[in-house]
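Notes to accompany the following structure.
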Amino acid sequence: MIIDLPDTTVSQVAKQLVKVREEGGAVALGRVLTLLIIARHGVAEAAIDAANDASREHPMRVIVLITDEGEAHLDAQIRVGGDAGASEVIVLRAYGEASSNTESLVTGLLLSDAPVVAWWPEEAPVDAAASPLGRIAQRRITDAATARDVPERLALLGRTHAPGDTDLAWTRLTHWREQLAAVLDQPPYERVTGVEVRGAAASPSTALLAAWLRMALDVPVTWSYEDPEHWQEGIKSVRLTRASGDILLERPEPGVAVLTQPGQPDHELHLPRRTLRECLAEELRRLDADLLYGRVITEGWDRLGPAGK
């Protein structure tokens, strides 16, 4: 069910939510958090779709805030039932002066006594934790992959990092980190003496994986970007150097990786790029600070040298 509320107020939206619950039986019981999505018109629907899918694992209230220029007024839309997954979706479109105080627009719609997660699917503030909506959130999710200058964005994330910050470029690395950790847990348990990481220039995950390996293994790490004509998205390969030979985890094509180890047959692995829904659902599983990400984006990044040619 979709209810449109043109030229409205936050108070009227809150009253309509109560009316929907009373008349239609849609209740907020069981909602575990409030997810704030701060987006522009072009990316809002994709973010809502991802949140609706993730809500089946994490029932929540979703508040989408879209700001734009124009005559000052607020339009709203409430989605419940089949149009909202296992959540309630409130879309706020604020124009002109009505968008000047974003915190006041959402405060009256937050679930009481429930954590707040703020998500910027595309353009994020310079300092998410210090932004008006970031200050009221326990977790703040950004995506460096959408930045115009990826290296500068990663450096900025390290300089402004606060407990509760995370980035989907880090979340996309989960399966890569699992595979590499599993390989090193097997004999012959030799020390890694060097690491090489290669990936797409548009992929901040390449740099974050290199920073994680630099910090975790405490060895020299070289990393470089692939020619966009040959590789356009995500990580291409990781090479770990040991005394008995190199371990190579490489994608010959997107979605498939081949693991090569000394004295063993090659193993083909399913390693696709993670969807937005998968990344969001993973981030919502924990509402405490991601301490490892915090160390990687600060300590690991500071110890990592510049990308090679």
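The values are calculated or read from the model by the stated rules, or taken from the named source; none is laboratory data. In this text the structure is predicted, and so the values were computed from the model without any measurement. Positions of Cβ are generated from backbone atoms using ideal geometry, with glycine treated the same way; all protein chains shown enter the neighbour counts. Accessible surface is based on the protein model in full, side chains and every heavy atom, while ligands, DNA and RNA are left aside. Shrake-Rupley method; radii C 1.70, N 1.55, O 1.52, S 1.80 Å.
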For residues that are assigned to a helix (DSSP H, G or I) and over 20 Å from ALA137 (Cα atoms), tally how many sit in the range 170-187. 11
If LEU248 satisfies all but one of (1) within 26 Å of ARG153 (Cα to Cα); (2) over 22 Å from the mean Cα position of the chain (by Cα), what's the number of the condition it fails? (1)
Looking only at residues that are farther than 20 Å from ALA202 by Cα and hydrophobic (A, V, I, L, M, F, W, C) in the range 281-309, which one is surrounded by the fewest Cβ atoms within 10 Å (Cβ to Cβ)? LEU291
Quick test for you: out of ALA94, ALA54, ALA47, ALA76, pick the one residue that is without any contact (Cβ under 8 Å) to a residue 60 or more places away in the chain and buried (at least 20 other Cβ atoms within 10 Å of the Cβ). ALA94
Out of the range 242-276, which residues are in contact (Cβ under 8 Å) with a residue 24 or more places away in the chain and buried (at least 17 other Cβ atoms within 10 Å of the Cβ)? ARG242, ILE247, LEU249, ALA257, LEU259, GLN261, LEU271, ARG274, LEU276
Tell me whether the range 15-38 contains one or more residues that are modelled with pLDDT of 95 or more and on the phi > 0 side of the Ramachandran plot. no
Apart from one, (1) at pLDDT 95 or above; (2) out of contact with any Leu (no Cβ under 9 Å at 6 or more places or on another chain); (3) open to solvent by less than 20 Å² (accessible area, probe 1.4 Å) all hold for VAL195; the odd one out is (2)
With ILE38, ILE66 as the choices, which residue is touching a residue at least 40 places away in the same chain (Cβ under 8 Å) and among the β-branched types (Val, Ile, Thr)? ILE38
Out of (1) assigned to a helix (DSSP H, G or I); (2) farther than 14 Å from ILE37 by Cα, what's the single condition that is false for VAL106? (2)
The residue from ARG159, ARG140, ARG153 that alone is farther than 24 Å from GLU268 by Cα, assigned to a helix (DSSP H, G or I) and in contact with a helix residue (DSSP H, G or I) (Cβ under 7 Å, 6 or more places away or on another chain) is ARG153
Just one of the numbered conditions (1) within 20 Å of GLY255 (Cβ to Cβ); (2) at pLDDT 95 or above; (3) open to solvent by 10 Å² or more (accessible area, probe 1.4 Å) is not true of GLU229; which one? (2)
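Looking only at the range 217-234, how many residues end up being in contact (Cβ under 8 Å) with a residue 60 or more places away in the chain and within 24 Å of the chain's Cα centre (by Cα)?
The qualifying residues number 4.
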Please work out if THR102 is among the hydroxyl-bearing types (Ser, Thr, Tyr) and within 23 Å of LYS19 (Cα to Cα). no
